[in-house]
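Since the structure comes first, as structure tokens, the remarks are kept for the end.
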Amino acid sequence: MHKHVILLLLVIGVSLFPYSYSEGIPDWVKNNASWWSERLISQSEFTNGLEFLINEGIIYIPTTEPGIPGPDKIIPDWVRNTAGWWSNNQIPDSEFVNAMKYLIEIGLIEVNASSPEFVQEETSTIVNDDVTVPLHMLFEGYNHIPNNGKFALDVKIFDAEKYSGTKFGGNNDYIIDGVKIELILINEENEIIHTFDGITVNGIVRYEVLPTETSLTNGLWLLNNEYTVKVTAYNFEQSVEKNYYFVAMQSVR
């Protein structure tokens, strides 16, 4: 009965609280963590729920080499305590995520997703009202996704004269709004399967796409295929183009 309740809450939560890496983990996840820390739900219900959240992109874990899963492995009490503290807002999201990373490393959770990686792009120049503006473009997105999962990519534009580092978050005094961003999704056969465009707000344009929204005939990303996202920033007659890549993996669900 508890399991049905947890799964129902997870489904409702995913529909009501879309993931945003920059905004942190949704608060509703803390209910599950609190119940498990108080031993109101089983270890398997908790780990199954976490695996679901990670594969849906709600909780993101940095790339790591997972251990071999096994039924005899028991989650240490310190992890349970961490979950309880986090659910009560006594520790930050980062400490909870580190505990979850530990569970993956020892093989209690198997996932095909990893945290968005920061990619620093070379500085380029466009012209705005006859004033040369050097652009610095950073990406924050998914590098590996389940073959039925959503791909997401944030494109952020900075004034390179003011900021040229690798940190995607923050530095909002240096962002550039009003830049048109065009994204073209291409498969390994160099075929365009989806397009999208937007204007930077708070320096960012977010691109999200499911395989069912592309021209892929089977409604799934092709396994082990590398997809290319061509990202072009426009301002008047000037433009700069950079590429981002991701690979489709087998879904564990």
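Could you list, in sequence order, the residues of region 235-253 that are modelled with pLDDT of 85 or more and within 27 Å of LEU135 (Cα to Cα)?
GLU241, LYS242, ASN243, TYR244, TYR245, PHE246, listed by residue number.
Condition first: outside any loop (DSSP other than H, G, I, E, B) and over 30 Å from LEU216 (Cβ atoms). Now tell me which residues in region 149-167 satisfy that.
Answer for region 149-167, where residues must be outside any loop (DSSP other than H, G, I, E, B) and over 30 Å from LEU216 (Cβ atoms): PHE158, ASP159.
Among the residues of region 191-232, what is the count of those that are closer than 21 Å to LEU135 by Cα, within 20 Å of the chain's Cα centre (by Cα) and not basic (Lys, Arg)?
12
Would you call LYS242 among the basic types (Lys, Arg) and assigned to a loop (DSSP other than H, G, I, E, B)?
So LYS242 fails the test.
Quick test for you: out of PRO211, PRO146, pick the one residue that is touching a Ser or Thr at 6+ places or on another chain (Cβ under 7 Å) and under 30 Å from GLU51 (Cα atoms).
PRO146
Starting from residues that are part of a helix (DSSP H, G or I) and under 18 Å from the mean Cα position of the chain (by Cα), keep the ones in region 100-120 and report whichever is modelled with the highest pLDDT.
Among them, the one singled out is MET100.
Report yes if some residue within region 46-60 is surrounded by 13 or more Cβ atoms within 10 Å (Cβ to Cβ), assigned to a loop (DSSP other than H, G, I, E, B) and at pLDDT 75 or above; otherwise report no.
The answer is no, given that none of the residues of region 46-60 is surrounded by 13 or more Cβ atoms within 10 Å (Cβ to Cβ), assigned to a loop (DSSP other than H, G, I, E, B) and at pLDDT 75 or above.
Are there any pairs with C-beta distances below 7 angstrom linking a residue in region 36-50 that is within 11 Å of ALA83 (Cα to Cα) to a residue that is at pLDDT 75 or above and among the hydroxyl-bearing types (Ser, Thr, Tyr), with the two at least 6 apart or on different chains, and if so which?
Here the result reads SER37/SER87, each pair linking region 36-50 to a residue that is at pLDDT 75 or above and among the hydroxyl-bearing types (Ser, Thr, Tyr).
The values are calculated or read from the model by the stated rules, or taken from the named source; none is laboratory data. Just so we're clear, the structure is a prediction, and the values are computed from it rather than from any experiment. Don't worry about glycine lacking a Cβ; one is built from the backbone with ideal geometry, like all the others, and counts go over all protein chains shown.
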